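Enquirer: Please find one structure pasted underneath; my questions will follow.
The values are calculated or read from the model by the stated rules, or taken from the named source; none is laboratory data. These numbers come from a predicted model, not from an experiment. Backbone-built Cβ (ideal geometry, glycine too); neighbour counts: all protein chains shown. Accessible surface is based on the protein model in full, side chains and every heavy atom, while ligands, DNA and RNA are left aside. Shrake-Rupley method; radii C 1.70, N 1.55, O 1.52, S 1.80 Å.
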Amino acid sequence: MIPSIDLVLLSLVVVLAIVAITVRDLLSAIMLLSAYSFLMAMVWVEMHSVDVAFTEAAVGAGASTAFLIAALSRTVRWEKK
Amino acid sequence: MLEWLIEEIFAKYNYWISITIMLIGFYAMIAKGNLIKKLIGLSIFQTAIFLFFISLADIGPTLRGTAPIVSEAMIHKGYVYVNPLPHVLILTAIVVSVATLAVALALVIRMYEEYGTIEEEEIIEKERELGV
Amino acid sequence: MNTGKSETEEGKKRSGDVIVETVSRLMVPFIQLFALYVIMHGSSGPGGGFQGGVIFGASFVLLVIAFGIVNAGNRFPEAVNTALFSTGVYIYAGVGLLCIICSLGAAQYLNYGFLSLPVHFEERRALGMDFIEIGVGITVMAVIAEIFFNLAWKKEEDEKEGGKE
Amino acid sequence: MIVESIRPLLAILCPAIGSILIILFSKRPNIRESWTMLASIAQFLIIFSMISTIIEGNIIKCTFFTAFPGVDFGFRIDAFGLIFAITSTFLWILVSSYSIGYMRSLHEHAQTRYYFCFAWAIFGAVGVALSGNLLTMFIFYEILTVSTYPLVAHDQTPEALFAGRKYLAYLLSSGCFFLAAVVLTYHFAGTTDFMNGGISTLAEASRGALMALFALFLLGFMKAAWMPFHSWLPTAMAAPTPVSALLHAVAVVKAGVFGIVRVVCYIYGVDLMHGLGLGLALACLATFTIIVANLFALAQDNLKRRLAYSTINQLSLIIFGVALLSPAGIEGAMMHIPFHGFMKITLFMCAGAIMVVTGKKNISEMAGIGKKMPVTMITFTIGALGMCALPPTAGYVTHHFFVHGCEEAGGTMSFFPYILLIAAILDVMYFFPIIYTAFFEKSEEGGGSKIKDAPLFMLVPIAITATCSIIFFFYPDLFHISELVETAVQSLGGVHP
Amino acid sequence: MILSVVEQFPVLVVVISLLSAFTILIAGWLNKKSCWFLSFSTILVQLVMSVFILNHVLTIGTIHYWLGGWAPPWGIEYVVDALNAYVLVILLSLALICVTYSKRSIAHELPHKIVPFYTVYQLLVTGLCGVVVTGDIFNMYVFVEIFSLSAYALIASRGKIALKASFTYLVLGSIGACFFLLGIGFLYSVTGTLNMHDLSVLLPPLYGNKVVLAAFGFFTVGLSIKMALFPLHTWLPDAHSFAPSEISAMLSGIIIEVSTYAFIRVCFSVYTVNFIKLLPIFDFLCWIAALGIIIGSVLAIAQYNLKRMLAYSSVSQMGYIMLAVGLSTSTHHALWGGLTPALMHILNHALMKGCLFLVAGAFIYKAELWNITDFKGLGRKMPYTCAAFTLAAISMIGVPPSVGFVSKLYIILASLEAGKFIFVAVMLLSTLLNLVYFWRVIEMMYMRREEREKESHSHPPANKNEIPLSMLIPVLTLASLCIIFGILWLTEIPIPILDQVNALFGLGRYAAP
């Protein structure tokens, strides 16, 4: 792996994780989670685990997001504080 | 001191980041009242564990590791493969995580139909009104 | 499974964005082809039944998003779906059991080497694995689609057990 | 000599099978009750058939399986156990007959449950009598506790339910202590078998541990109703009278006392008891209970409650006899178990008869009742005489032994006969007023001096027990009791000082 | 290597169950009634297989099954020894009893969900069997998740308030599973293997390693959540009380027990006795368990909802099992040494709690009776059900010769041998607490009169209103087993099985001096 790219990606991942759990708009949170998953997949490609990266991209960034949005479409979009 | 920092933190940064993300996810699961937020936390938590596993498989920057795909040319060039087993484990774990998410979302939707809210506190309040 | 003629029948209920519809109609066959590639290539490269299945399932999700849930739901009735993912499991478990049966109980479950196929031992392994991947792929595809339909649409039916390999 | 036999098993099975038949014939009272009678008679005959073997100095054994190394689950019948078994089974026959009269006259509800539980209670009591080690005894002891609960709470009034709860709370917690004691005994001695003269390996444990263990045993035998853990017994008088009669004069409370005697003579052994100085402590506890219970009895107006306190007093008398650790004392104690059973059951059955006929429960209401129910009150008088240890009743015989036992024990013990005397005087003070009221006071209702005694189902058992109480005075060997007692005391060996 | 037929059974138990789950799903489209029959017959076949497995293990020896023919450190291995075989038989027996019971009660309670119910039920059984037979720790994780997911779905199937309970269980259960996964990762990072036997060979030189210690911590906490050990039990009361009753019975009788099995496996098969003896973990566990026993019972006293009360009682009973596990390394007697009391109580608790929950379900089925205060006069209306309840409750209290008594006796003897007298007191105290909350119910059923009865002292012939036979037979079977097994344990007939487990792990009398 290449530490510099890794570090950048990973710090982005951390930032995305924090933002994803803080925003009150759940739709944004889900999209952020999707981005988070996608970045994670990139980290993994970079760590040579192509298989997992592949799956994470399909499942984490794809299917999970779709599920979450589907669920959101039948509940409420905003988190109450 | 600096040496220690380099050895314990910078050299193993992906482990530290994995722990950070884990804690973020854990915090969301425990502290957030919104059920969807809890699930987002769960996802983050699980991904952090996956990151941990993948980091285990990785053989570090010093060796020229490569993806564990069989090819004659690669072997002749003397590449070292990263350990494929954790990858396989994580594949299975991802399956589990998406299944968990699906069941949980189904529950959330049913709860919304039942209580009209996805905030934990409000649900508890409504339960109390129902007299349970 | 065919994506083409939805707008003629129940055109009113679809989402209505021409660009989205057209693009997804164009994309879906490629996605599905790719998914098939991923499934069949699983024994010798990245990917496999699960990933391919997810991608295949995702293509349906895309359809649903583009054309509206009712249309897609009608094209893909629950009974078919159930049958599909059961079939997948049957293929998976059946191949495993065949290994036992073909070897008359001498070999273990999923020991593909004992499948009575007219090829070499190693090739039998690869072929057996492909069968398994196909089974897994079908199951996962159907399960992903089913879960999405249930989450997004169905009111009365309760949750289905999630994807399991 | 040890004789292997399945007779104990047969004896214990009688009530068990009887209970099943009772349930099966719950819709047909006559058949149901004849099963009770049949089971009780069969059981008594089987028990009785063992006497000859035992008197010859044999021990009957019947082992089923080994629960732990050194602990067999099984029966071991010696003379002492047989005394208790004979008493319980014989009185069960009489009380069954009495119950039929009582329950039918009062049109009680849930009679099937009543007979069913009664059978199981006897199952437990006889099991306690026949068991060959502490673990087996514990098992039957707990069965006895649980099966008598529905009998105590039979009326299902709030009062009866409270009594039932209190009963269970006391007896099952005591069961916990008993279990702890059993396990500790096993821990220290490696066995829990009853042995003549005590378990020799037990003496190896430390002094403090043995003291603590004995305290656990005493707590475990709360069924003996020693003070200050007696209060379940008067409360349990909420039960129907046959229950009070058999269970709280014979089966349950005697199981407690029986246990204490077993522990003193067959687990610790007299020598060890002497060595630890526990005899005196136990005697003090017993005399304390005797005096205080008598004082309490004086204050009671409810006849059954007064009898309950009298029971507490008499039970402690048995404990006292054992605590003397002298042959005569132990002989007296063992003999008092059946004798007191016969006398007290007479009294309780009389109280029940009075309740059935007149509906009166309190002594102050009983003026002139002696004229109305002469047979009942005469038998009551006999029982009361026995309680006060006056001749010509069985009570006098045992008190004779107790006094003699005190002399034998010597030392501090020779002081105790005076306490017994005080106790007897107190007994007189609360029994004679009842007799006086019944025979010599005029009924306030006036007029009704017509004789209208209890039904025959009830009267016959009362008459039999009262007669027995007198016969015991002249001929203590009725049912071979004195022979059995002698055999038991002789087999203890090291008792003679 | 030629495999005998029985040696194929470990994998067949899992595969048949999985196939059956999906067959049920398809069959459900054709005929709803076939679902029950399919599920019942599958579990029956599985049970027969498991009995053969047990017999094989006891007579011939441990079964090693290499899935796909791959040798252990690389492939997944199914290992069935005395411990698995024993747990497998218990698990399938209770599953069979619950499925028999469910025929009428599910048709009554969830008429629209018969097909998914049996599908998911069968998946639950698959997961449980999988956890039990596998010898690969990661595979165990996967199966743990499968049965947990099925359990979440089954609990939620009642809808309404059960949804919340299920969701809480899901969140906590996932945390537990993640911890378990993390533990696996830690172990993998130092040993590079996932096979349990392989791990136990490779780990000993690393026992001082902090990673290994941390992994043990993660395993303990993760599995403690799954098995509802005292401070981590918070999901249990809701989940157990709102689930359909046969699922409550499974949850309480089997699911938390299988998690306990997983814990025992990890402690003694992955780590070994030598590791456990290095650390005071098990002493600590004993104290936690003792606290759980007392607090669980006290909380149970405070409940008026029968199923909730039983749920808290489960917390206390898990304390019994964990106390016995905690004592297992310090006892060496042939009978109560080692894991014997713990494994004994696993069976006993399954019998007792299974029966009690099924009875609670019967009351709900007949008259929607949830609260103890509504049980007045039930003893006459439902005599057999109430008799079963009484037997099981008496067993819980520990009146001899029931199973509860034997467990209590063995645990007391074990704690005496370990020299921990305080636990004797705890056990005895818990007996009294159990008495308080169970006797309340018995008294209510038999001794309290109904209001309308009170007025007329006469007693009209009770109109019996008993549950249907297909529900009654399971209940009565369990109740009678409570007594039969009590006597069997006392006669020591089943002890050799548990003795083999001790021999396997070097516990009890096989412990190294």
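Enquirer: Looking at (1) under 22 Å from E:Val79 (Cβ atoms); (2) at pLDDT 90 or above; (3) crowded, with 24+ Cβ neighbours inside 10 Å, which one does E:Phe216 not meet, given that it meets all the others?
Expert: It fails just one condition, (3).
Enquirer: Here's a follow-up. Quick check: is even one residue across segment E:417-424 assigned to a helix (DSSP H, G or I) and open to solvent by less than 10 Å² (accessible area, probe 1.4 Å)? Spell out how you get there, then give the answer.
Expert: First, pick out the residues of segment E:417-424 that are assigned to a helix (DSSP H, G or I): E:417, E:421-424.
Next cut, open to solvent by less than 10 Å² (accessible area, probe 1.4 Å) only: E:423.
Taking every residue of segment E:417-424 in turn, at least one turns out to be assigned to a helix (DSSP H, G or I) and open to solvent by less than 10 Å² (accessible area, probe 1.4 Å).
Enquirer: Has segment D:43-53 got any residue that is more than 30 Å from D:Leu456 (Cα to Cα) and either touching a residue at least 60 places away in the same chain (Cβ under 8 Å) or open to solvent by less than 10 Å² (accessible area, probe 1.4 Å) (or both)?
Expert: yes
Enquirer: Another question about this same structure. What are the residue pairs meeting all of these: first residue in segment A:53-81, first residue of a type outside the set (Val, Ile, Thr), second residue open to solvent by 30 Å² or more (accessible area, probe 1.4 Å) and in a loop (DSSP other than H, G, I, E, B), Cβ atoms under 7 Å, and 6 or more apart or on different chains?
Expert: Sorted first by the residue in segment A:53-81, then by its partner, the pairs are A:Phe54/C:Pro46; A:Trp78/A:Arg24; A:Glu79/A:Arg24; A:Lys81/A:Arg24.
Enquirer: I'm checking my understanding of the structure. Among residues of segment B:96-111 that are buried (at least 24 other Cβ atoms within 10 Å of the Cβ) and within 17 Å of the chain's Cα centre (by Cα), which one is farthest from the other protein chains (Cβ to nearest Cβ)?
Expert: Looking at residues that are buried (at least 24 other Cβ atoms within 10 Å of the Cβ) and within 17 Å of the chain's Cα centre (by Cα), I get B:Ser97.
Enquirer: Okay, next question. On the basis of being within 15 Å of the chain's Cα centre (by Cα) and over 20 Å from D:Trp35 (Cβ atoms), does D:Val128 make the cut? Explain how you work it out, then say what you get.
Expert: Details: within 15 Å of the chain's Cα centre (by Cα): yes; over 20 Å from D:Trp35 (Cβ atoms): yes.
Taking the combined requirement at face value, the residue satisfies it.
Enquirer: Report, ordered by the first and then the second residue, all pairs with beta carbons closer than 6 Å, sequence separation of six or more or different chains, a first member in segment E:209-231 that is farther than 17 Å from E:Tyr169 by Cβ, and a second member that is open to solvent by 10 Å² or more (accessible area, probe 1.4 Å) and among the hydrophobic types (A, V, I, L, M, F, W, C).
Expert: E:Val211/E:Phe186; E:Val211/E:Val190; E:Val212/E:Leu206; E:Ala214/E:Phe186; E:Ala215/E:Phe186; E:Phe218/E:Phe179
Enquirer: Six or more apart or on different chains, Cβ under 6 Å: which pairs go from a residue in segment D:291-308 that's open to solvent by 30 Å² or more (accessible area, probe 1.4 Å) to one that's part of a helix (DSSP H, G or I) and among the small types (Gly, Ala, Ser)? Could you list them?
Expert: Close Cβ pairs (under 6 Å, with a partner that is part of a helix (DSSP H, G or I) and among the small types (Gly, Ala, Ser)) amount to D:Asp301/D:Ser364.
Enquirer: Name the one entry in E:Tyr65, E:Tyr86 that is within 14 Å of chain C (Cβ to nearest Cβ) and of a type in the set (Ser, Thr, Tyr).
Expert: E:Tyr65
Enquirer: Further question on the same structure: Please return the ranges of helices (runs of 4 or more DSSP H) entirely within segment D:367-440 where 3 or more residues are more than 30 Å from D:Leu280 (Cα to Cα) and either open to solvent by less than 20 Å² (accessible area, probe 1.4 Å) or touching a Pro at 6+ places or on another chain (Cβ under 8 Å) (or both).
Expert: Helices (runs of 4 or more DSSP H) meeting the threshold: D:374-387, D:416-440.
Enquirer: Can you tell me which residues in segment E:128-158 are more than 7 Å from every other protein chain (Cβ to nearest Cβ) and closer than 19 Å to E:Ile114 by Cβ?
Expert: Filtering segment E:128-158 for residues more than 7 Å from every other protein chain (Cβ to nearest Cβ) gives E:128-137, E:139-141, E:143-144, E:147-148, E:151, E:154-155, E:158.
E:Ala151, E:Leu154, E:Ile155, E:Arg158, listed by residue number.
Enquirer: May I pose another question? What number of residues within segment D:465-493 are in contact (Cβ under 8 Å) with a residue 12 or more places away in the chain, in a helix (DSSP H, G or I) and open to solvent by less than 60 Å² (accessible area, probe 1.4 Å)?
Expert: Of the residues in that region, 16 qualify.
Enquirer: Can you name every residue in segment E:43-85 that is open to solvent by 10 Å² or more (accessible area, probe 1.4 Å), in a helix (DSSP H, G or I) and more than 19 Å from E:Val501 (Cα to Cα)?
Expert: Of everything in segment E:43-85, those that are open to solvent by 10 Å² or more (accessible area, probe 1.4 Å), in a helix (DSSP H, G or I) and more than 19 Å from E:Val501 (Cα to Cα) turn out to be E:Leu44, E:Val45, E:Leu47, E:Val48, E:Met49, E:Leu67, E:Gly69.
Enquirer: Return only the number of the condition from (1) over 24 Å from E:Leu476 (Cβ atoms); (2) at pLDDT 90 or above that E:Asp136 does not satisfy.
Expert: Condition not satisfied by E:Asp136: (2).
Enquirer: Here's another thing I want to ask about it. Within segment A:22-73, work out how many residues are open to solvent by less than 40 Å² (accessible area, probe 1.4 Å), of a type in the set (D, E, K, R) and under 23 Å from B:Arg110 (Cα atoms).
Expert: 1
Enquirer: Residues in segment D:171-183: is at least one in contact (Cβ under 8 Å) with a residue 60 or more places away in the chain, in a helix (DSSP H, G or I) and open to solvent by 10 Å² or more (accessible area, probe 1.4 Å)?
Expert: no
Enquirer: Something else about it: When you go through D:Ala16, D:Ala39 one by one, which is the residue that is in contact with a Pro (Cβ under 7 Å, 6 or more places away or on another chain) and among the aliphatic types (A, V, I, L, M)?
Expert: D:Ala39
Enquirer: When you go through (1) small (Gly, Ala, Ser); (2) farther than 26 Å from E:His233 by Cα; (3) not in a loop (DSSP other than H, G, I, E, B) one by one for E:Ala350, which number turns out not to apply?
Expert: (2)
Enquirer: Just to be sure, is D:Gly198 at positive phi and either within 20 Å of the chain's Cα centre (by Cα) or not acidic (Asp, Glu) (or both)? Before the answer, list the steps.
Expert: On the way: at positive phi: yes; either within 20 Å of the chain's Cα centre (by Cα) or not acidic (Asp, Glu) (or both): yes.
So D:Gly198 fits the description; yes.
Enquirer: Only one of D:Leu151, D:Leu219 is within 17 Å of the chain's Cα centre (by Cα) and within 30 Å of D:Asn302 (Cα to Cα). Can you tell me which?
Expert: Residue meeting the stated conditions: D:Leu151.
Enquirer: Out of the residues in segment A:7-33 that are more than 10 Å from chain B (Cβ to nearest Cβ) and without any contact (Cβ under 8 Å) to a residue 12 or more places away in the chain, state the one that is farthest from A:Val76 (Cα to Cα).
Expert: Of everything passing the filter in segment A:7-33, A:Val8 is farthest from A:Val76 (Cα to Cα).
Enquirer: I'd like to check which helices (runs of 4 or more DSSP H) are fully inside segment E:434-513 and have at least 2 residues that are open to solvent by less than 20 Å² (accessible area, probe 1.4 Å), modelled with pLDDT of 85 or more and over 17 Å from E:Ala362 (Cβ atoms).
Expert: Qualifying helices (runs of 4 or more DSSP H): E:469-490, E:495-505.
Enquirer: Among the candidates E:Val325, E:Val298, E:Val315, single out the residue that is at pLDDT 90 or above, over 24 Å from E:Trp439 (Cβ atoms) and among the β-branched types (Val, Ile, Thr). Working first, answer last.
Expert: Numbers: E:Val298 fails: over 24 Å from E:Trp439 (Cβ atoms); E:Val315 fails: over 24 Å from E:Trp439 (Cβ atoms).
Step by step, each of E:Val325, E:Val298, E:Val315 is checked, and only E:Val325 is at pLDDT 90 or above, over 24 Å from E:Trp439 (Cβ atoms) and among the β-branched types (Val, Ile, Thr).
Enquirer: Consider segment B:25-51. How many of its residues are open to solvent by 20 Å² or more (accessible area, probe 1.4 Å) and either among the hydrophobic types (A, V, I, L, M, F, W, C) or assigned to a helix (DSSP H, G or I) (or both)?
Expert: Of the residues in that region, 5 qualify.
Enquirer: I need a count of the residues in segment E:355-374 that are out of contact with any Cys (no Cβ under 7 Å at 6 or more places or on another chain) and surrounded by 24 or more Cβ atoms within 10 Å (Cβ to Cβ).
Expert: Summing the residues that are out of contact with any Cys (no Cβ under 7 Å at 6 or more places or on another chain) and surrounded by 24 or more Cβ atoms within 10 Å (Cβ to Cβ) in segment E:355-374 gives 8.
Enquirer: Just checking, how many residues over segment D:83-136 are within 14 Å of chain E (Cβ to nearest Cβ), charged (D, E, K, R) and part of a helix (DSSP H, G or I)?
Expert: Counting residues in segment D:83-136 that are within 14 Å of chain E (Cβ to nearest Cβ), charged (D, E, K, R) and part of a helix (DSSP H, G or I) gives 1.
Enquirer: Condition first: open to solvent by 70 Å² or more (accessible area, probe 1.4 Å) and of a type in the set (A, V, I, L, M, F, W, C). Can you find one or more residues in segment D:29-36 that meet it?
Expert: Among the residues of segment D:29-36, at least one is open to solvent by 70 Å² or more (accessible area, probe 1.4 Å) and of a type in the set (A, V, I, L, M, F, W, C), which makes the answer yes.
Enquirer: Against the condition open to solvent by 10 Å² or more (accessible area, probe 1.4 Å) and at pLDDT 85 or above, how does E:Ser93 come out, does it pass?
Expert: Yes.
Enquirer: Considering each residue of segment E:17-37, count those that are of a type in the set (A, V, I, L, M), surrounded by fewer than 22 Cβ atoms within 10 Å (Cβ to Cβ) and more than 8 Å from chain C (Cβ to nearest Cβ), and give that number.
Expert: Summing the residues that are of a type in the set (A, V, I, L, M), surrounded by fewer than 22 Cβ atoms within 10 Å (Cβ to Cβ) and more than 8 Å from chain C (Cβ to nearest Cβ) in segment E:17-37 gives 2.
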